[in-house]
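The values are calculated or read from the model by the stated rules, or taken from the named source; none is laboratory data. All values derive from a computational prediction rather than experimental measurement. Here the Cβ positions follow ideal geometry from the backbone for every residue, glycine too, while neighbour counts run over all protein chains shown.
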Amino acid sequence: MEIPLDQILIQTINGIVTGMILALVASGLTLIFGIMDVVNFAHGELFMLGAYVGVLILAASGNFWLALVGATFLVGLLGGMVYLTTLRPLIGRDPLTTILATFGVSLVLQNYALWQFGPVARKIQEPFTGHFTLFYLEYPYYRLVIAGLAAAIIGGLWLFLKYGTYGIWIRATTQDRVMAQAMGIPVPWVLTAVFAIGSGMAAASGVLFGPLVGVNYAMGTDWVLKAFIVVVVGGMGNLGGSIAAAIFVSLLEAYASLVVSPAQSVIVSFVVLILTLLFRPTGLFVPTPK
Amino acid sequence: MTQRRLLVYWAGFTVIIALLIVAPLVLPEFWRRFLTEILIWGLLAMSSDILIGYTGMVSFGHSAFFGLGMYGAAAALLSTRPPSLWLALAYGLVAAAGVAAFVAYFSTRLRDIYFAITTLIFSQIFYVIIFTATAWTGGENGLNFRRPALAIAGLFSVPFDPATLHWFVLAVVTASYLLLRRITQSPFGMVLQSIRENEARTRAIGYPVERYKIVAVMLSGVFAGLAGVLYAIQNQFAAPDFVFFLVSGEVVIYNVIGGIGTLVGPIVGAAFFLLLREGFSRFLTEYYLIPVGLIFIAMVIFLPQGLLGFARRWLNR
Amino acid sequence: MEPLLKVDGIHTFYGKSHILHGVSLAVGRGEVVGLLGRNGVGKSTTLKAIAGLVHPSQGEVWFDEQAVTNLPSHRLARLGIAYVPEDRRIFPLLTVLENLRTGLDRHGVTKARKTELVDKVYAYFPVLGERRNQVGGTLSGGEQQMLAIARAMMLEPKIILLDEPTEGLMPRMVSLIREIIDVLHRETVAVLLVEQNVPLTLETCERIYFIEKGEVRHHAPASELRVNDAVIHQYLGV
């Protein structure tokens with residue numbers, strides 16, 4: 001079967017764009033897991049709520065960028081509150097309880113969204129339209145901008161972690177929570193902040209992705225699953241790994257959609273996960289197996 | 001267990017069974033059906049307890065076992081005229097066992113969180129396959145079929161009426177409970193519990209932990225599939241929705257609410273959850289999951305041992 | 001005058017095990033005090049209880065005339081208690097400088113002061129200065145020990161709790177540790193030293209407590225013990 005080169009190239013770009021957004025979602029997830037060993041089932045719902053808050057702010061102000069910043073901030077705050085009420089009490093308990101608690105949170109948030117916004121999808125207008133010609137297609141600029149923005153946010157996160165004082169606090173807490181606290185780092189607040197940051201990043205992804213698909217209450221479910229796969233494939237807690245894995249998986253899925261239906265192309269990510277778990281369980285992109 | 005406790009336990013057991021037997025004769029149809037469904041979901045939750053409560057492995061994959069049991073039964077019921085009960089059971093259990101073996105092979109070598117995530121993903125894989133293989137599975141719309149009769153070939157055939165169907169389900173669920181109880185108290189069951197307590201030590205003593213885990217998953221999967229078959233017979237349809245991972249999540253909720261490691265707890269948990277859902281949905285129509293979810297979260301934080309958790313040791317003698 | 005640190009009747013449990021059975025001791029401002037005993041008697045646990053890593057079920061800890069029992073360890077660090085654990089536990093993926101910064105980046109410390117502190121540490125530990133951008137996990141055992149102590153010094157503490165600092169170190173390093181304790185003493189930083197190395201303890205400490213089975217059994221000035229070491233044999237079996 002002949003697949004024309006231009007289609008492959010288009011899918012490559014699509015794959016990278018989706019991959020960058022997935023990377024943004026996954027990096028929040030892996031950050032949270034790395035520092036507190038919590039598998040945040042509610043992450044997809046934070047993504048979804050970010051998109052909805054974006055819709056609301058956009059409707060009120062007409063400004064996409066305000067919506068982006070506002071949603072990130074507000075959902076980040078929500079994330080912090082979720083942490084304080086449901087996860088902080090569970091510190092020191094069986095890790096299973098955090099999976100259950102976040103699962104419960106995801107149920108509540110998802111149904112809350114259904115209740116408040118109804119089942120019909122909403123739309124976020126792109127901040128600017130405009131296409132450039134890519135072969136026979138009109139390829140929207142906006143998609144490239146999303147990829148760029150996602151990359152910028154992740155880059156910003158990386159710089160913050162590497163050089164900022166609070167970045168060092170976060171990294172120290174991730175490596176040795178007990179000694180970090182013994183060095184005067186207020187670990188309980190660091191944990192809350194990281195959860196809030198992760199939530200904010202999920203929200204930002206939701207707003208950025210909003211114009212590409214409709215915004216509806218169930219949009220989080222698909223993403224959280226894919227994000228989990230990416231986090232496991234990339235090595236749990238490994239920021240660089242999850243970014244690489246996100247792009248890798250998205251590219252493979254984009255190429256697969258040339259051959260099978262989009263509904264079936266998701267199996268690609270499943271297969272990648274299974275292979276990773278069989279042969280390199282610590283992560284495909286982790287240099288040395290620990 | 002002391003003589004007296006044993007007596008109390010079996011007395012309680014008999015009373016409950018007696019009540020359940022009488023139920024279809026006194027309850028209106030809606031509640032009769034509701035009760036039967038509680039039993040079926042209870043069986044599903046109980047099967048999951050083998051993994052969560054006794055072996056210490058949290059699985060989000062039970063929707064796959066349940067769903068495949070359902071579709072297996074559907075396949076049998078659609079392939080013969082008249083539809084055969086025993087064939088449905090056979091197909092359903094084999095399908096569920098097959099899926100369980102497949103999942104067990106890949107996931108049991110993984111610990112804790114990875115196991116949970118992998119089983120979740122397997123549910124989704126099966127969901128996608130069933131959803132998209134429209135020719136075989138009816139895709140989104142599922143399959144509809146007729147209910148088989150309670151029959152032994154050549155001897156007799158009695159179509160199910162609401163009461164007899166309920167009694168059939170009750171008999172299957174009760175037999176399953178007794179069987180599972182026997183298994184958990186057997187040497188095999190003891191090893192499983194030892195794995196839950198301290199896997200490293202169990203391995204160090206010399207037990208082939210992986211093999212025990214695989215058997216546990218298959219055992220759990222078969223009973224989950226059985227629940228799926230019962231569901232298919234009761235409701236006469238199969239749909240991909242039941243394979244979606246959220247169903248697995250709900251099953252885990254029943255387990256936690258009822259109390260893991262008790263076998264009966266999950267059934268109580270299922271009853272509690274379904275009653276709550278029924279109650280809330282009368283007032284809040286579709287958004288009943290919000291208060292139910294909040295109650296669940298509160299229970300995880302404040303009452304982690306579940307409703308029957310306090311009786312765990314007692315129920316396991 | 002009240003001692004800087006006062007520990008009164010501390011009991012701790014680990015699950016069902018009763019580890020400390022009512023430990024009491026005191027450390028004065030700028031004093032160097034030793035804690036000797038066999039393995040497993042509760043010396044490390046005592047330090048952990050003071051540093052807030054372990055919460056006593058009974059008993060009190062007073063620091064700088066404040067009741068601090070059961071405060072979380074980050075509060076205690078800010079109050080001036082620094083802890084150097086037995087296995088060093090430097091942050092393996094942070095560089096030497098970043099490790100120091102975990103103690104350095106506090107409120108109210110000017111940039112000038114920070115530079116001063118870091119330069120001072122590099123003067124005492126030149127190797128750390130050379131390896132300032134090297135990742136902690138790649139340092140040798142002795143270098144990690146130096147880093148762990150240096151990191152604690154970044155807190156500008158009033159007392160440093162040292163848990164077996166010379167364990168596994170070469171003799172050359174042991175004398176470096178002795179020098180550091182002297183430096184701390186000169187800067188009126190108190191030291192509570194848990195050790196197996198008896199000569200070092202006798203040389204650097206002013207008073208020594210002996211622990212056995214989770215209780216303080218004996219307490220004497222070092223001058224006395226240097227002359228009469230029967231007690232030492234009794235409690236350490238050396």
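The table that follows gives values for the structure above.
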| item | result |
| --- | --- |
| Count - residues of the stretch C:149-195 that are polar (S, T, N, Q) and touching a residue at least 40 places away in the same chain (Cβ under 8 Å) | 1 |
| Residue under evaluation residue A:139, criteria (1) surrounded by fewer than 17 Cβ atoms within 10 Å (Cβ to Cβ); (2) under 22 Å from the mean Cα position of the chain (by Cα), criterion not met | (2) |
| Where residue A:64 falls short, out of the listed (1) touching a Pro at 6+ places or on another chain (Cβ under 7 Å); (2) surrounded by 24 or more Cβ atoms within 10 Å (Cβ to Cβ) | (2) |
| Residue C:39, sole failed condition from (1) exposed (fewer than 15 other Cβ atoms within 10 Å of the Cβ); (2) farther than 25 Å from residue C:180 by Cβ | (2) |
| Unique match (being more than 19 Å from residue A:179 (Cβ to Cβ), free of Cβ contacts under 8 Å to residues at least 60 places away in the same chain and in contact with a strand residue (DSSP E or B) (Cβ under 6 Å, 6 or more places away or on another chain)) among C:32, C:61 | C:61 |
| Of all residues making up the stretch B:228-271, the number that are part of a loop (DSSP other than H, G, I, E, B), away from chain A (no Cβ under 13 Å) and closer than 25 Å to residue B:10 by Cβ | 3 |
| Filter result (assigned to a loop (DSSP other than H, G, I, E, B) and either small (Gly, Ala, Ser) or touching a His at 6+ places or on another chain (Cβ under 9 Å) (or both)) within the stretch C:102-154 | C:108, C:140 |
| Subset of the stretch C:15-49 (residues that are β-branched (Val, Ile, Thr) and in contact with a helix residue (DSSP H, G or I) (Cβ under 8 Å, 6 or more places away or on another chain)) | C:19, C:23, C:32 |
| Any pair with Cβ under 8 angstrom, 6 or more apart, that starts in the stretch C:209-224 at a residue that is buried (at least 20 other Cβ atoms within 10 Å of the Cβ) and ends at one that is assigned to a strand (DSSP E or B) and basic (Lys, Arg) | C:210/C:217; C:211/C:217 |
| Index of the failed condition, residue C:87 passing every other in (1) within 30 Å of residue C:126 (Cα to Cα); (2) free of Cβ contacts under 8 Å to residues at least 60 places away in the same chain; (3) within 19 Å of the chain's Cα centre (by Cα); (4) surrounded by 24 or more Cβ atoms within 10 Å (Cβ to Cβ) | (4) |
| Total residues in the stretch A:57-99, condition among the aliphatic types (A, V, I, L, M), within 14 Å of another protein chain (Cβ to nearest Cβ) and assigned to a helix (DSSP H, G or I) | 7 |
| Exclusive hit being at pLDDT below 95, out of contact with any helix residue (DSSP H, G or I) (no Cβ under 7 Å at 6 or more places or on another chain) and under 27 Å from residue C:207 (Cβ atoms), set C:187, C:130 | C:187 |
| Residue in the stretch C:81-88 that is closer than 19 Å to residue C:153 by Cβ, assigned to a loop (DSSP other than H, G, I, E, B) and away from chain A (no Cβ under 14 Å) present | no |
| Meets criteria (surrounded by fewer than 21 Cβ atoms within 10 Å (Cβ to Cβ), in contact with a helix residue (DSSP H, G or I) (Cβ under 9 Å, 6 or more places away or on another chain) and at pLDDT below 85) for residue B:138 | yes |
| Where residue A:110 falls short, out of the listed (1) assigned to a helix (DSSP H, G or I); (2) more than 9 Å from chain B (Cβ to nearest Cβ) | (2) |
| Meets criteria (assigned to a helix (DSSP H, G or I), away from chain A (no Cβ under 12 Å) and modelled with pLDDT under 80) for residue B:312 | yes |
| Any hit, the stretch C:7-19, residues being among the small types (Gly, Ala, Ser) and in contact with a Lys or Arg (Cβ under 9 Å, 6 or more places away or on another chain) | no |
| Qualifying residue in the stretch C:2-14 (condition: under 18 Å from the mean Cα position of the chain (by Cα) and either within 30 Å of residue C:132 (Cα to Cα) or basic (Lys, Arg) (or both)) | yes |
| Qualifying positions in the stretch B:126-153 - within 13 Å of another protein chain (Cβ to nearest Cβ) and without any contact (Cβ under 8 Å) to a residue 60 or more places away in the chain | B:128, B:129, B:132, B:133, B:134 |
| Enumerated helices (runs of 4 or more DSSP H) restricted to the stretch A:133-211, each holding at least 1 residues that are closer than 20 Å to residue A:236 by Cβ, within 14 Å of chain C (Cβ to nearest Cβ) and of a type in the set (Ser, Thr, Tyr) | A:165-175 |
| Filter result for residue A:227 (away from every other protein chain (no Cβ under 14 Å) and either without any contact (Cβ under 8 Å) to a residue 12 or more places away in the chain or not charged (D, E, K, R) (or both)) | no |
| Which numbered condition residue B:111 misses (of (1) surrounded by fewer than 17 Cβ atoms within 10 Å (Cβ to Cβ); (2) farther than 27 Å from residue B:213 by Cα) | (2) |
| Residue in the stretch C:109-126 that is charged (D, E, K, R), in contact with a Leu (Cβ under 6 Å, 6 or more places away or on another chain), more than 9 Å from chain A (Cβ to nearest Cβ) and in contact (Cβ under 8 Å) with a residue 24 or more places away in the chain present | no |
| Selected residue (criterion: modelled with the highest pLDDT) from residues of the stretch A:157-199 that are over 14 Å from residue C:100 (Cα atoms) and basic (Lys, Arg) | A:177 |
| Matching residues in the stretch B:243-258 - criterion: being crowded, with 24+ Cβ neighbours inside 10 Å and either under 27 Å from residue B:164 (Cα atoms) or touching a residue at least 60 places away in the same chain (Cβ under 8 Å) (or both) | B:243, B:248, B:251, B:252, B:254, B:255, B:258 |
| Given (1) in contact with a strand residue (DSSP E or B) (Cβ under 8 Å, 6 or more places away or on another chain); (2) within 15 Å of residue C:149 (Cβ to Cβ); (3) polar (S, T, N, Q), number of the condition residue C:102 does not satisfy | (1) |
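Table: residues versus (1) without any contact (Cβ under 8 Å) to a residue 60 or more places away in the chain; (2) under 26 Å from residue A:148 (Cβ atoms); (3) facing another protein chain (nearest Cβ under 10 Å).
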{"position": "A:243", "(1), (2), (3)": "no, yes, no"}
{"position": "A:246", "(1), (2), (3)": "no, yes, no"}
{"position": "A:249", "(1), (2), (3)": "no, yes, no"}
{"position": "A:261", "(1), (2), (3)": "yes, no, yes"}
{"position": "A:264", "(1), (2), (3)": "yes, no, yes"}
{"position": "A:269", "(1), (2), (3)": "yes, yes, yes"}
{"position": "A:281", "(1), (2), (3)": "yes, no, yes"}
